[in-house]
């Protein structure tokens, strides 16, 4: 016998003597108590992870209400379209076909959310490195980090085309390729923008669109100040002659240069026999 216990011959209604002992009565559940414990006559207490159905049977329960799925009679989640059961069988997790790339998380059926420093590529629906403003002629290799291709250089966190000779009066639109501003055209090399004058400049250079600048020694033709023609300039003038080149006069008919290197034209003197007579001194007899 056991000290403090009395031998039980008959248990109360709804109870039965526990097997292999004569000292303890335990409750009886007529229909059994699968997935639970019989805690009182015909009263089942379900084990953890199980819940009573309408027939008071203990059935498996779906974790956290089977979010994004339907809890079946067997207690297993049947996931909605676009979701799949997690490896531990507890949750329905979203499916993003092919994954979310780098820096992305699948937060819904075919829905990716990018982390800071990454952005979604609308063509692939995947996350990739994000460079504010893009990289132009380069590749985004990290958050706001561009790697420029040959012929491009980094300017203000973006790759721009490079023209080694510069691109004055134009825009460098491709490596060593200038696109000229209106009124300017590419020279023979195809790399430099030069001014374009509708009419050719005479004795002048086209220095701006439809603007002629006289060369050294020339001035704008006073007869047509708005024209494209420059004429030679003789600072001292060309009286009795014509200024035919910078500081060089050609005398009018009947006039000659006063001296070699002079721009002064003087009237040509008529020759006479007396002009070449030589006076012979007369001898005086003593």
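None of the figures in this text is laboratory data; all of them are computed from the coordinates on show. In this text the structure is predicted, and so the values were computed from the model without any measurement. Backbone-built Cβ (ideal geometry, glycine too); neighbour counts: all protein chains shown.
See the values below:
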| read-out | value |
| --- | --- |
| For 255, 118, order by how many other beta-carbon atoms lie within 10 Å, fewest first | 255, 118 |
| Listed residues 21, 139, 61, most fluctuating in the chain (Gaussian network, C-alpha, under 10 Å) | 21 |
| Average Cα contact separation per residue, the range 109-150, under 8 Å, 6 or more apart, as relative contact order % | 27 percent |
| Cα gyration tensor of the range 192-263 - equivalent ellipsoid semi-axes, whole Å, descending | 31, 12, 8 |
| GNM flexibility winner over the chain from 65, 166, 117 (Cα, springs under 10 Å) | 65 |
| Inter-site label distance for residue 240 and residue 186 at 7 Å from Cα along Cβ, in nm | 5.8 nm |
| The chain pair-distance distribution - Cα-Cα, 10 Å bins, rounded % | 6, 11, 10, 9, 9, 8, 8, 7, 6, 5, 5, 4, 3, 3, 2, 2, 1, 1, 1, 0, 0 |
| Residue exposure sequence - 120, 76 - by fewest surrounding Cβ within 10 Å | 76, 120 |
| Cα Rg, Dmax (largest Cα-Cα span) when computed across the range 100-199, Å | 19.7, 69 |
| Highest-fluctuation residue, 240, 54, 121 considered, GNM on the chain with Cα pairs under 10 Å | 54 |
| Estimated inter-spin distance, residue 20 and residue 121, nm [label 7 Å along Cα→Cβ] | 6.6 nm |
| Rounded to whole Å, sorted largest first: equivalent-ellipsoid semi-axes of the range 1-61, Cα gyration tensor | 29, 12, 7 |
| Potential lengthening between residue 56 and residue 266 on full extension [0.36 nm per residue; Cα-Cα distance subtracted] | 61.6 nm |
| Proxy reagent accessibility, fewest Cβ within 10 Å first, across 249, 193 | 193, 249 |
